[in-house]
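The values are calculated or read from the model by the stated rules, or taken from the named source; none is laboratory data. Since this is a predicted model, take the numbers as computed values, not measurements. Ideal geometry is used to build each Cβ from the backbone, glycine not excepted, and the neighbour counts take in all protein chains shown.
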Amino acid sequence: MLGTAPADVYRNRFRLKRFTRFIAIADEIIARNGTCRIIDVGGNMEHWNALSDLWSDRAIHVTLINLTSEEVLDARFVSIAASACDLSQFKDLAFDLVYSNSVIEHVGNWSNQKRMAAEIRRIAPRHYVQTPNFWFPIEPHFRTPFIHWLPEPWRVGIVRARACGFYPRAKNVDEAREILADAQLLDAAAMAELFPDSVIERERFVLTKSLIAVR
């Protein structure tokens, strides 16, 4: 992702509520199996460390997947460099539960989003996949109202004129278009298409702020 989120973003009330819901699913699996094998697609240790009070006493093993690996100090974690769209190194149902928070909108076009969703559905029987809702008026990455609904030339002009949210001001048209391509938001119909055997839950802040595919 081109933009960089501040560390405290992991502790906002929406992410806390999401992660609590996700851990409740992990607890169901732990109660049945004694442990839970989790794969976090697009995750990192910063996210997990910020929420450690919610999971540190659980019998979990977490595989972190991101474009680059990182050093991990907790023996319950491993970090692997891989694409979210190609998890072929893992067998079918290799994990108990997939977790992915605000990632699927960053893998590129619809074809890539389909590949990521198919891999998530393949590698575990349960999943919890969140993404911002296209129809929420404030774009969460740019922190700007309505920008994602505007014609592309207008959007290019905005990000060339000023820094927006997690993104710096674009120096030229090429950089502006790279920034704009970083997040391809989905709506409820698209999430239902990607995850046809899931329940699509709605996270609301007056309107639907985020969509979560839960199986």
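Yes/no matrix, rows are residues, columns are (1) part of a helix (DSSP H, G or I); (2) assigned by TED's automatic domain parsing to the domain that holds Arg18; (3) touching a His at 6+ places or on another chain (Cβ under 9 Å):
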residue	(1), (2), (3)
Leu73	no, yes, no
Val78	no, yes, yes
Met116	yes, yes, no
Gln130	no, yes, no
Ile158	yes, no, no
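Against the list (1) in a loop (DSSP other than H, G, I, E, B); (2) without any contact (Cβ under 8 Å) to a residue 40 or more places away in the chain, the condition Gly43 fails is (2). In a residue-by-residue description of the stretch 195-205, the property of being in the same structural domain as Ile123 (by TED's automatic domain parsing), part of a helix (DSSP H, G or I), within 17 Å of the chain's Cα centre (by Cα) and in contact (Cβ under 8 Å) with a residue 12 or more places away in the chain applies to no position.
Looking at the structure I just gave you, is Ala163 more than 17 Å from Glu203 (Cα to Cα), among the hydrophobic types (A, V, I, L, M, F, W, C) and without any contact (Cβ under 8 Å) to a residue 40 or more places away in the chain? Spelling it out, Ala163 is indeed more than 17 Å from Glu203 (Cα to Cα), among the hydrophobic types (A, V, I, L, M, F, W, C) and without any contact (Cβ under 8 Å) to a residue 40 or more places away in the chain. The residues of the stretch 163-186 that are among the acidic types (Asp, Glu) and assigned to a loop (DSSP other than H, G, I, E, B) amount to a single one, Asp182. Output the number of the condition that Val159 fails; it satisfies all remaining conditions of (1) within 17 Å of the chain's Cα centre (by Cα); (2) farther than 26 Å from Arg115 by Cα. Condition (1) is where Val159 drops out.
The C-beta contact set for the stretch 115-137 (first residue touching a residue at least 60 places away in the same chain (Cβ under 8 Å) and under 20 Å from Ala183 (Cα atoms), second residue assigned to a helix (DSSP H, G or I) and not β-branched (Val, Ile, Thr), distance under 7 angstrom, 6+ apart or interchain) comprises Ala117/Leu194; Tyr128/Phe22; Gln130/Arg18; Thr131/Glu105; Thr131/Met191; Pro132/Glu105.
Identify the residue in the stretch 53-68 that is within 16 Å of Gly42 (Cβ to Cβ) and exposed (fewer than 14 other Cβ atoms within 10 Å of the Cβ) and, among all such residues, is nearest to the chain's Cα centre (by Cα). My answer is Leu67.
For the residues Asp74, Asp86, Asp96, Asp92, the requirement of being in contact with an Asp or Glu (Cβ under 8 Å, 6 or more places away or on another chain) and acidic (Asp, Glu) singles out Asp86.
Listed by first and then second residue, the pairs linking a residue in the stretch 66-88 that is of a type in the set (A, V, I, L, M) to a residue that is assigned to a strand (DSSP E or B), with Cβ atoms under 6 Å apart and 6 or more places separating them unless they lie on different chains, are Val72/Ser79; Val78/Thr63; Ile80/Ile65; Ala82/Ile65; Ala84/Val41. From the list Pro168, Pro145, Pro140, Pro132, the one residue that fits, being over 18 Å from the mean Cα position of the chain (by Cα) and surrounded by 14 or more Cβ atoms within 10 Å (Cβ to Cβ), is Pro168.
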